[in-house]
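Each remark here refers to the structure printed beneath this line.
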Amino acid sequence: LLKQTLVLALLSLGCGGGARYDAPPTLRSGGARWTVVADWPRLPSGLTLGAVSGVAVSPQGNVVIVHRGDRRFNETGLADTTTIKMPVIVELDATTGAVLRTWGAGAFLIPHSLTIDSKGNYWITDVGRQQILKFSDKAELLLTVGEWRKAGETRSLFNLPTDVVVN
């Protein structure tokens, strides 16, 4: 059920600034039955998602979304050095879609991907910062890899880092 909910969350949120996917009530894929969950996620008044660029499942089974607010991944967005003022990490109850917590305001330029490791640490790439950031499950910054807004292709520099895998 969690996998189905996560996939449908991706379909309904899309990657285009919170656009909704108007899927039929059921979808079939490889014999599995998929059901669209109406009004999922349940966002409180005032919280609007921008382009969703990453989704992961926490060790507690919650769905975690990283979005870009009003920032765009284009030349104008890449040139912007002001951080996104709204929280870009949204943690949702997998069953109800209710927001459990938000964080990350003022920390990101253009967040791109999200990976949660087995210890519950959040690894987030930021193509605007040219960095990979590791946060604890309490949203504390633990590690920054790469240099602020300095692109390159060396052991210590990245060129628009888009994903991370944790072994």
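The values are calculated or read from the model by the stated rules, or taken from the named source; none is laboratory data. On a predicted model such as this, the values are computed, not experimentally measured, just so you know. Glycine gets a Cβ as well: all are built from the backbone with ideal geometry, and neighbour counts include every protein chain shown. Remember, those area values only see protein heavy atoms, side chains included, never the ligands or the DNA or RNA. Shrake-Rupley method; radii C 1.70, N 1.55, O 1.52, S 1.80 Å.
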*Virtual paramagnetic centre 7 Å along Cα→Cβ of Lys150, amide N under 15 Å, in region 92-129*: 129
*asked:* I'd like the accessible area for Leu49, computed on protein heavy atoms only with a 1.4 Å probe and all protein chains in place. Round to 10 Å², please.
replied: 10 Å²
*So who's got an amide H within less than 5 Å of the one on Ala94, skipping anything under 5 residues away but keeping other chains? H placed 1.01 Å off N, in plane.*
Val63
*Would you grab the residues whose amide H sits under 5 Å from the one on Ser113? Only those 5+ places off in sequence or on another chain, please, with H modelled 1.01 Å from N.*
Thr125
_³J(HN,Hα), Karplus 6.51/-1.76/1.60, whole Hz, each residue of region 45-50, x for Gly, Pro_ = 4, x, 9, 10, 8, x
*Can you pull the percent of region 23-167's accessible area that's carbon plus sulfur, 1.4 Å probe, other chains left in place?*
50 percent
*What list of ³J(HN,Hα) values in whole Hz, one per residue of region 122-138 in order, does the Karplus curve 6.51 cos²θ - 1.76 cosθ + 1.60 (θ = phi - 60°) give from phi, with Gly and Pro shown as x?*
9, 10, 10, 8, 9, 6, x, 6, 6, 9, 10, 10, 10, 10, 6, 5, 9
